[in-house]
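Accompanying notes for the structure given below.
Only the coordinates and a few stated rules stand behind these numbers; no lab work does. Keep in mind that this is a model prediction, so the values were computed, not measured. Cβ placement follows ideal geometry from the backbone for every residue including glycine, while neighbour counts extend to all protein chains displayed.
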Amino acid sequence: MSAGRLSFWQAASVIARRDFTAVLFSRSFLLFLLGPLFPLIVGALAGGVSSRVATTADQAHIGVAMVATDADAMLAAHGRLAPQLGTGLPDMVILRQLKPGESYDPHAALSDGNAGLGAVLTGTLDAPVLTGTADRIGRWQGPVSFLAGNASAAAGPHYPQVTLSGTKSSSAQRHANRLLTAQAAQTLLFLLIMLLAGMVLSNLVEEKTNKIIEILASAIPMDAVFFGKLFAMLGVSLVGIAAWGAVGGAIVLLAGHALPALPEPAVGWPIFFALGTIYFAMGYLLLGALFLTIGSMASTVREVQTLSMPVTMMQLLVFFFASYAMAQPGSTIEWLAVIFPPSSPFAMLARAAQENGLWQHVIAVGWQGLAVALFVKAGAGLFRKRVMQSGPAPRKAAGRGLLARLKQSRA
Amino acid sequence: MQMAPIHPLRADKMLRPLAIEARGLVKRFDGTLAVNGVDLEVPEGAIYGILGPNGAGKTTTLRMLLGIIDPDEGVRRLLGHDHPQDIARWIGYLPEERGLYPSMKAVDAIAFMGSLRGLPLAEGRRKGLELLEQNGLGHAAQRTIRQLSKGMAQQVQLLGALVHDPRLVVLDEPFSGLDAINQGKLESMIRALAARGTTVIFSTHVIAHAERMCEGVAIIAGGKVSFAGRVDEARDRIRPQVRLETRADDGAWRTALPDDARHEGQFWYFSLPESGIEPLLRALIDLDAGILSLSIERAGLHDAFVAIAGEAVARALEAETELENAA
């Protein structure tokens, strides 16, 4: 503290501490936390069911391309052992019975668009080669070795080493996959921000309803009040996200393979999560500053709701803009989305999914932080100018609400 | 920045530094002039009243002094500082719109208000408990604000404005909404603060409060200061009133009475002549007026207010006071 007052950040922390504890220990926050859990629980139950469905529906089979005797022996072994091994053994179909010395390209077969083809078995019974996506050939390596061992005419079962040949994805495929991650991350970011930033909207209305705003405004700068409130709500949001994340994690563990695994982002998962958290904070603070300004202008919750609708729609447009820009990396549109503060967190998170390089995120976070400071400054200035402009509300006798004020102005 | 003295409020006591100096404060809201050139000087340790009807510009003036809003024109200085929020630690403020967080305990509310002005929370709680005990509210310390009566909550808020031992206390309509007992308590509290050297400035539309308590007053009407100075000086703006009772209602002695003499009931009333009472008395005796009684009454602040701000403003002020009393 300087000689006569709190520093800006001390003042902001006084507000943040009060708001954070007041919200966190209120009953309504518990309800707020539980709200989104209901759809998640329903989702988990549905996930459990769909997991079974998915297991049943996964009818991918192994295509066999071997010399005729080996191919027939494999199918015969499969027929003998299938009743005992059940679903652990994939179905097998003969793709081609090769003549001795004939070669076969399993990659071409896999890219032919045969929907049910999960992997291709080539080679011989003593040296089988399994070609396919990494997860499938990894899973089927054991059963194939077992079948080949049983199909072999050699005395007594022996289980040959299965050579695995993973299908490689192209750079275009990789880009398409990362786009999927970017899209999923953007959507999650948008949903979280919209869900949680709403709390900020009515925050200053509480102060005005409790008529405590003037005490705050007389003691500390309004910018510090705004910042304190924003960071308190951000803290509350992070608590909410942590709670939902824990439940979500449990659901992922329960649902297992029923939930699709997203392709790894360009910067890797740990950094991507860190950037996601930072961009959530920046997006939250940017929208929160806007909501706080709107909330400070309104005197009732109804007014807040009316005023917030256009902002929500604008935020939706910003999200669509960022989503559109994401698909065109390096274009002018994408750069605009990166520079425009409200869309910047969304655009940059998409970039993190698609491109390496951390320096751009450092610059973007700095820029977004500056925008937050400017938004808050402008909001606080507007508040001081517009809201603290008169004495107490007029006595009821002098006019009841908008209608009375209208009548008075006509008279 | 140096400001030349604008008013003789401190001329006699003086040499006391000024707690508040304001010069030419102007504030417009959407083009409407809310405050129009307010000048104030309040010496340290004084109890000072800002007197005026609702809408006169009292609250806006106080808000400008505190830095809650900035003046469009003019300058203000509190405790020697141009930026009031730089010395928030030394100022206590009770706004007209009373407000506290309903779910906060009384002692926490006091501590929170202290923390806004730099008092550590733990110390704020300790001092808050002390203040509550001293003011007979110890039993309410752990109750939430929503569990307190309006009067008690108002006292809690006042204690919150004082918990950090401010050097300057600004109270906007502090008596508003209090019953007679609590008004008396508040008066005592304000006097105790001033006795400790704290400067207290409060706005009010009740002339009696200002007259009883204030060393100086500023009379504001229509956004302008009509008068600023000592209460005595305001009262001296009107000549003392003479009340005369005679044996007979009429006679030659009547020619000795001043032109403004009026007869009400059994008395004659008129302003004390500039030449003093002695020549008049001599003339009345010489003309055989048969004087039964004669008294000289100094004008009250109310009369001074009427003379300074005008009859219409005074009536508006009286109407507000009556309305509040009725409520």
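Volume per residue for region A:207-280 equals 127 cubic angstrom (convex hull of Cα atoms). Listed by chain and number, the aspartates and glutamates whose alpha-carbon sits under 18 Å from that of residue B:127, ignoring those within fewer than 8 places in the same chain, are B:108, B:165. Taking a point 7 Å from the Cα of residue A:305 along the Cα-to-Cβ direction, the residues of region A:179-202 with backbone N closer than 14 Å to it are A:202.
Classified by the C-alpha gyration tensor, region B:241-297 has a rounded form. Its axis ratio a/c, with a ≥ b ≥ c, is below 1.5.
How would you rank B:293, A:103, going from fewest to most other Cβ atoms within 10 Å of each one's own Cβ?
Working: B:293 10, A:103 7.
Ordered by Cβ neighbours within 10 Å, fewest first: A:103, B:293.
Mean-square fluctuation check for chain B, GNM, Cα pairs under 10 Å: which of B:180, B:194, B:140 is largest? In the Gaussian network model the winner is B:180.
Note on chain B: GNM, Cα springs under 10 Å; of B:294, B:171, B:158, the largest mean-square fluctuation is that of B:294.
Exposed loop sites here mean trypsin sites (Lys or Arg not before Pro) with a DSSP loop assignment and at most 12 other beta-carbon atoms within 10 Å; chain B contains its longest site-free run at B:1-195. The amide H of residue B:35, built 1.01 Å from its N in the peptide plane, has B:27 as neighbours under 5 Å, considering only residues 5 or more places off or on other chains. Working note: Debye formula, equal point scatterers on the alpha-carbon atoms of region B:8-235, no solvent; log10 I(q)/I(0) at q = 0.07, 0.16 Å⁻¹ is -0.21, -1.11. As a calculated quantity, the FRET efficiency between residue B:133 and residue B:278 at R0 = 51 Å, using C-beta atoms, amounts to about 0.30. For the segment A:218-227, counting C-beta atoms of other chains within 10 Å of every residue's C-beta and taking the mean gives 5. Amide H contacts under 5 Å for residue A:64: A:93, A:94, A:95, A:96, A:121, restricted to partners 5 or more places along the chain or on a different chain, H placed in the peptide plane at 1.01 Å from N. Spin-label model, residue B:196/residue B:26: points 7 Å from Cα along the beta carbon direction are separated by 4.0 nm. Determine the shape class of region B:13-115: with a ≥ b ≥ c the square roots of the Cα gyration tensor eigenvalues, call it rounded for a/c under 1.5, and otherwise prolate if a/b is greater than b/c, oblate otherwise. Oblate shape, in that a/c is at least 1.5 and b/c is the bigger or equal ratio. For the peptide A:316-327, the mean number of other protein chain Cβ atoms found within 10 angstrom of a residue's Cβ is 0.
Do any of A:229/A:377; A:208/A:229; A:208/A:385; B:58/B:185; A:208/B:185 go past 19 Å between their Cα atoms, and which?
B:58/B:185; A:208/B:185
Derived from the Cα gyration tensor, the three semi-axes of the equivalent ellipsoid of region A:59-168 are 20, 16, 13 Å, largest first. Shielding value for B:81-90 is 5, the average number of Cβ atoms from other chains within 10 Å of each residue's Cβ.
If each residue of separation counts as 0.36 nm, what is the full-extension length gain between residue B:81 and residue B:288 once their alpha-carbon separation is subtracted? Present the calculation step by step, with values, prior to reporting the outcome.
Details: separation 207, 0.36 × 207 = 74.52 nm, distance 6.48 nm.
Contour length minus the Cα-Cα distance gives 68.0 nm.
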